[in-house]
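To start, the structure under review is shown below, and the notes come after it.
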Amino acid sequence: MQVVEKRPFYLYSKAQITRNVEAYKEALEGLDNSVIGYAIKANNNFLILNHLRSLGCGAVLVSGNELRLALKAGFDPTRCIFNGNGKLLEDLVLAAQEGVFVNIDSEFDLDNIVSAARIAGKKVNVLLRINPDVDPQVHPYVATGNKNSKFGIRNEKLQWFLDQVKSYPDELKLVGAHCHLGSTITKVDIFRDAAEIMVKFIDEIRAQGFDISYLNIGGGLGIDYYHTGTVLPTPRDLIDTVRDLVKSRNLNLIIEPGRSLIANTCCLVNRVTGVKTNGTKNFIVIDGSMAELIRPSLYDAYQHIELVSPPPPDAAVSTFDVVGPVCESADFLGKNRELPAPARGSGLVVHDAGAYCMSMASTYNLKMRPPEYWVCFLQS
């Protein structure tokens, strides 16, 4: 492979994005009025958002600017969900004006939503984000559904929140309950555990006269970052594990995939600057870095790395750390990788870079954020 671009760049497959969405749509057959809410925080490229919207996705938002971008991309605001544990009043006013679902995350969040409803002159459709205290068995930085998480309301305060919602009939309409366990989850029985807890809460809420019609089970389905051929749960596996619970309560299901829709659709393409050895460590130095792809540095995430240019004929296979030029010891994209020693200028790709890579990229060390391209196969 000859790398023409003179700096690191992201390369996407539009066809793979379509396949990922279709897998969720097929899994949701029989669950009418379900919402596939794409989590914009995973990747906010406008062309990708436009494509996801055209495939029927809604949007999951955590800021006012994400809401504005979703509206610009044409998402139906009544199929958008505004999450977050610190939503700002001005952003909530916009959400209220547009008819977006809003999750109640705390006491002060409820106060702000009420204020936003009054300013907008609109009743807000709200869901209670309940912390189910379920261990997702993932890295603590991406766990969101245990009792020590900053997200969601405490179970024991559910009645207080219900009483508060009742006291604001002109501002709030409680339409559902929401939970989110975390990210990179590879065991679907964890979703089942959470759904069983949530439908019991919904039974309690309905018993008090609330017309609850939505269960939002969040997202978090993992992918095979290791490229080991491990069989991981599919969207159908995830949906099937909660299907009977959803149907037994006549609920509409909201699912919030981000990573599992976009992660495996992209790679970060880099050039090799050189190879060096210090002490017992061998390094492949590339032009990409933690500035373009921070997941390994941020929470020790693994992403598969591959040379895409033929190595020199006499290249020995060694154990390398793949590192960038940023002036930080934490600037690595992979550690202890078995690779043939590449020639200068060789192409090297980091796979599965579609989610939480470009959206978290920075200009640290005044590096330019990388360009993005996608491959589109036209049908004849």
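Too long at a 29 Å Cα-Cα cut-off: which of 187/276; 187/367; 41/187; 72/187; 25/157?
Violating the 29 Å Cα-Cα cut-off are 187/276; 187/367; 72/187; 25/157.
Enumerate the amide H contacts of residue 373 below 5 Å, restricted to partners 5 or more residues apart or on another chain; note that Pro and chain-start residues carry no placed amide H.
The answer is 10, 11, 12.
Taking the square root of 5 times each eigenvalue of the Cα gyration tensor, what semi-axes in Å does the equivalent ellipsoid of the range 256-295 have, largest first? Each step should come with its number before you reach the end.
Numbers: eigenvalues 174, 27, 14 Å².
Its equivalent ellipsoid spans semi-axes of 29, 12, 8 Å.
Using the alpha carbons of the range 240-333, what is the convex hull volume per residue in cubic angstrom, as a whole number?
Numbers: hull volume 15.2 nm³, N = 94.
Per-residue hull volume (Cα only) is 161 Å³.
Return the percentage of antiparallel bridges among DSSP beta bridges fully within the range 219-327, rounded to the nearest 5 %.
Numbers: 6 of 10 bridges.
Once the DSSP bridges in the range 219-327 are tallied, antiparallel ones form about 60 percent.
Can you tell me the orientation of helix 189-207 relative to the chain, as the angle in degrees between its alpha-carbon axis and the longest Cα principal axis, to the nearest 10?
Once rounded, the angle reads 20 degrees.
With a 1.4 Å probe and all protein chains left in place, how much of the accessible area of the chain comes from carbon and sulfur atoms, in whole percent?
Details: 8390 of 16670 Å².
Accessible surface attributable to carbon and sulfur in the chain totals 50 percent.
Please state the Cα pair-distance histogram of the range 1-123 with 5 angstrom bins from zero: what percent is in each bin?
Bin by bin from 0 Å, the calculated values are 2, 10, 19, 18, 16, 12, 10, 6, 3, 2, 1, 0.
Can you give me the accessible area per residue for the chain, using a 1.4 Å probe, in Å²? Could the numbers behind the result be given before it?
Numbers: 16670 Å² over 380 residues.
Here the residues of the chain average 44 Å² of exposed surface.
Looking at the chain, send over the antiparallel percent of its DSSP beta bridges, to the nearest 5. Working shown, then result.
Working: 24 of 59 bridges.
About 40 percent, rounded to the nearest 5.
Which Rg and Dmax, in Å, describe the Cα atoms of the chain?
22.4, 76
In the chain, if the dipole is taken from +1 on Lys/Arg beta carbons and -1 on Asp/Glu beta carbons about the Cα centre, which of 296, 228, 13 is farthest to the positive end?
The residue sitting farthest along the positive end of the dipole is 13.
The values are calculated or read from the model by the stated rules, or taken from the named source; none is laboratory data. Nothing here was measured: the structure is a model prediction, and the numbers come from that model. For neighbour counting, all protein chains shown are included, and Cβ atoms are generated from backbone atoms with ideal geometry for every residue, glycine included. Ligands, DNA and RNA are stripped out before the accessible areas are found, and what is left, the full protein with its side chains, is counted by its heavy atoms. Shrake-Rupley method; radii C 1.70, N 1.55, O 1.52, S 1.80 Å.
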